[in-house]
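Here's the structure, in structure tokens; my notes come after.
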Amino acid sequence: MNPFLIVGNWKSNKTTTEAMEWLRNFQFSISNFQLKNTSIILCVPFILLYPLKKEIDRLHVPLALGAQDVSPFPKGAFTGEVAANQIKELADWVIIGHSERRAYFHETDEELVFEVEQAKQADLNVIFCVSDINMIVPHGVDVIAYEPIASIGTGKNMSAGEAADMLQTLKKKTGITRALYGGSVTPETVRDYSKVEGIDGVLVGGASLDPTAFFQLIDVASSYM
Ligand code: PGA
């Protein structure tokens, strides 16, 4: 059985100093903890990938790293973009198509297809976000994340039963076997998602920013694995 995936998404938060402090606190909690069939991925701003990777390797923290976006272009003359092969040196995962990228940066379905292509060429694992089960999911996606807009950052999480139904439909439609729910997942609400069949993990925004809350969430989820 695939491990339950807990993916933290820091969005556009934390300076390098704050990130290092988060990691020290998180390591303090997780170092004596027995993770049961659970994998943790932390998706951070590009500039934090390098310092976090160095510290994660040095302290042997059980965390994989991911980026939150990738250039739709290969390396080259694309000022301001970060190419997939640059990410791959520091991380194994990337989130593509988050609703905030679509809404605020006008990323289109076509562009997202190129992003997935670039990520796969660099051998990155892709977590592709949709907020609606009818959205286009490009070929090559490894994990799908269903995040209803009304649930993101609002405290109005979708019930686990309803989320499981949505994920089931998405899996059938796309042939992708791993699917996550995201939207106001907290240490209090994660229990329901980890108990229900068909939810393979969670994508966590706000609750990943505090190392204690994030650890609590992992502790609860892991106890059901
Ligand atoms: P939230 O964010 O957990 O703060 O609702 C989830 C996300 O946007 O990935």
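Would you mind computing the Rg to Rh ratio of the chain from its alpha-carbon coordinates, Kirkwood style for Rh?
That ratio equals 0.94.
For the range 139-225, take the alpha-carbon Rg, divide it by the Kirkwood Rh, and send me Rg/Rh.
My calculation of the ratio gives 0.96.
What whole-number distance in Å separates the alpha-carbon centres of the range 64-83 and the range 140-179?
Taking the Cα centre of the range 140-179 as reference, the centre of the range 64-83 is 26 Å away.
Ignoring everything except DSSP H segments at least 4 long, calculate the 222 nm mean residue ellipticity for the chain; use -39,500 (n - 2.57) per segment, divide by total residues, nearest 500.
Rounded to the nearest 500, it is -11500 deg cm²/dmol.
Just the Kirkwood number for the range 85-199, please: inverse of mean 1/r across all distinct Cα pairs, in Å, one decimal.
It works out to 14.7 Å.
Within the set Lys14/Lys173; Lys11/Lys53; Lys11/Lys173; Lys14/Lys156, which residue pairs have Cα atoms separated by over 27 Å?
Those over the limit are Lys14/Lys173; Lys11/Lys173.
Using the Cα centre of the chain as the reference point, and only Cβ charges (+1 on K/R, -1 on D/E), how large is the resulting charge dipole? Debye, rounded to the nearest 20.
With only Lys, Arg, Asp and Glu charged at Cβ, the dipole is about 400 debye.
Which pairs break 20 Å Cα to Cα here: Lys88/Lys120; Lys75/Lys120; Lys54/Lys88; Lys36/Lys120; Lys120/Lys172?
Lys36/Lys120; Lys120/Lys172
For the charge dipole of the range 138-225, defined by +1 on Lys and Arg C-beta atoms and -1 on Asp and Glu C-beta atoms about the Cα centroid, which residue among Ile152, Val141, Val185 has the Cα displaced farthest towards the positive pole?
Toward the positive end, the furthest listed residue is Val141.
Laboratory data are not the source of any read-out in this text; all were calculated from the coordinates shown. Because the structure is a prediction, the values reported are computed rather than measured. Positions of Cβ are generated from backbone atoms using ideal geometry, with glycine treated the same way; all protein chains shown enter the neighbour counts.
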